[in-house]
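The values are calculated or read from the model by the stated rules, or taken from the named source; none is laboratory data. Only a predicted model underlies this, so the values are computations on that prediction, with no experimental measurement involved. Calculation scope for accessible area: heavy atoms of the full protein, side chains included, ligands and nucleic acids excluded. Shrake-Rupley method; radii C 1.70, N 1.55, O 1.52, S 1.80 Å.
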Amino acid sequence: ASTGARLIAFPEGMNTRYFFRDAEDAWNRSVTVSGPFVDALAEATGRLRVTMAIGLFARRTTGNGERRACNEVFLFGPSGTLLGVYRKNYYIKADKRWFYTGDGGFPVFETPAGVVGSFVCADARIPEVARCLALEGAEVLINCSHWGGPDQHLFHVPARGTENGCYVLAASRPRMNPEDVPWGEYNYNRGSGCSFILSPDGAKLAQAEPSEETILTAEILPRQAGDKRMGDGTDRF
């Protein structure tokens with residue numbers, strides 16, 4: 001916020017490490033929707049007057065009392081309130097052993113930084129998630145991620161933004177050194193880094209290096225995402 005940022009995006013699962021032994025381990029490491037961690041995030045956004053999207057592993061309980069750990073994006077507004085959440089829909093690898101898939105659709109939210117929609121990491125490997133958000137009016141797509149390979153930052157996520165004519169804020173964890181992480185997590189997903197900010201026409205406005213811990217900033221004009229014409233005038237939708 002001190003750099004002037006008004007819309008801030010963090011990577012996936014920022015309240016814990018990623019690799020879990022089983023579903024019970026994932027539950028134990030997840031946060032409650034209303035609790036010290038989430039409440040502190042809401043307070044910070046209100047105090048700094050920013051909009052913030054952050055990936056969290058959250059605890060959910062069904063009507064019959066079944067406990068579920070979910071991979072979500074929490075969106076906080078500058079009034080210090082939780083505007084809403086998006087729950088990851090598409091899982092690969094061992095994620096299916098730990099998390100439950102989304103059942104909340106593809107919500108978008110009006111913010112001072114434009115209409116925002118979120119998707120998580122492997123959601124970008126299929127086109128429908130980002131397309132649903134764009135059709136709902138999203139101008140800015142926020143991809144909270146812990147990318148497992150360069151294909152995601154090189155191809156999948158940029159394609160989702162360009163084919164929908166949206167800005168993309170893609171925040172992923174930096175690549176990890178083997179000596180800094182548990183053996184199981186390193187072999188499951190070392191990470192690839194390379195967070196970026198993308199314009200609606202596919203231009204990289206900012207780009208991180210693979211192992212770089214940094215803050216990326218760029219100026220965006222969200223209303224530009226309302227023009228869905230391609231070079232020859234064809235409408236993307």
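Residues whose amide H comes within less than 5 Å of that of E139, counting only those at least five positions distant or on another chain, are V115, V116, G117 (H built at 1.01 Å from N in the peptide plane). Using a 10 angstrom cutoff on alpha carbons, build the Gaussian network for the chain and name the most mobile of E179, E212, E43. Fluctuation is largest for E179. Within the assembled protein chains, the solvent-accessible surface assigned to K96 is about 130 Å², based on a 1.4 Å probe. By the rule of a C-alpha distance below 22 Å, with chain neighbours fewer than 8 residues away ignored, the lysines paired with K96 are K88.
Using a Gaussian network model of the chain in which every pair of alpha carbons under 10 angstrom is joined by a spring, one finds that among I142, I215, I54 the greatest mean-square fluctuation is at I215. Averaged over its residues, the chain has an accessible area of 46 Å² per residue, based on protein heavy atoms and a 1.4 Å probe. Could you name the lysines whose alpha carbon sits less than 19 Å from that of K228, not counting residues in the same chain fewer than 8 places away? Cα-Cα hits under 19 Å: K204. Taking P112, P158, P36 as the candidate residues, the one with maximal mean-square fluctuation in a Gaussian network model of the chain, Cα springs under 10 Å, is P36. Using every pair of separate Cα atoms, the Kirkwood estimate puts the hydrodynamic radius of segment 1-149 at 15.6 angstrom.
Estimated from helices alone, the mean residue ellipticity of the chain at 222 nm is -5000 deg cm²/dmol (sum of -39500 (n - 2.57) over DSSP H runs with n ≥ 4, per residue).
Here the chain has 53 percent of its accessible surface on carbon and sulfur atoms, given a 1.4 Å probe and all protein chains in place.
You can think of it this way: the chain between D227 and E66 has 53.5 nm of extra reach, that is 0.36 nm per residue less the Cα-Cα gap.
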